[in-house]
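As structure tokens, the structure follows; a few thoughts come after it.
The values are calculated or read from the model by the stated rules, or taken from the named source; none is laboratory data. Being a predicted model, the structure only gives us computed values, none of them experimental. Ideal geometry is used to build each Cβ from the backbone, glycine not excepted, and the neighbour counts take in all protein chains shown.
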Amino acid sequence: MDQDKGGNSVTNDIRNVLNDIYNLEGEFLLNMPVIYRDSDGIWDAVNGWPGQLEFLPLREFDQEKAIYKYLNYLHNNGKLGSG
């Protein structure tokens, strides 16, 4: 979660954020989807770390709705629906 304390946002610094998490937590993060909340309180997702990143604009204020939308994305072969 972006804590909005100045500096780069999670969205703008996502690769470094994921590298930091990987260095702390280990290999479980490899090729895992990541859902995160930005400083505006909006949940989005990113796929593809550590390779080519794909941003998924879930654009949800509710974490459960964001997760549901992401699972729908997976179920629909990589197509975001209206949620």
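Numbers at a glance
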read-out	value
Failed item, numbered, when ASP4 is tested on (1) at pLDDT below 80; (2) charged (D, E, K, R); (3) part of a helix (DSSP H, G or I)	(3)
Residue match in segment 41-55 (condition: touching a Leu at 6+ places or on another chain (Cβ under 7 Å) and aromatic (Phe, Trp, Tyr))	yes
Residues satisfying the stated conditions in segment 45-67, i.e. touching a Lys or Arg at 6+ places or on another chain (Cβ under 7 Å) and of a type in the set (D, E, K, R)	GLU60
Test: residue in segment 47-59 that is farther than 23 Å from ASN8 by Cα and of a type in the set (Lys, Arg)	no
Extreme residue, nearest to ALA66 (Cα to Cα), among residues of segment 5-53 that are over 10 Å from the mean Cα position of the chain (by Cα) and among the basic types (Lys, Arg)	ARG15
Close pairs (8 angstrom Cβ cut-off, 6 or more residues apart or separate chains): free of Cβ contacts under 8 Å to residues at least 60 places away in the same chain and within 12 Å of ARG37 (Cβ to Cβ) in segment 57-77, aromatic (Phe, Trp, Tyr) and not in a strand (DSSP E or B) anywhere	LEU58/TYR70
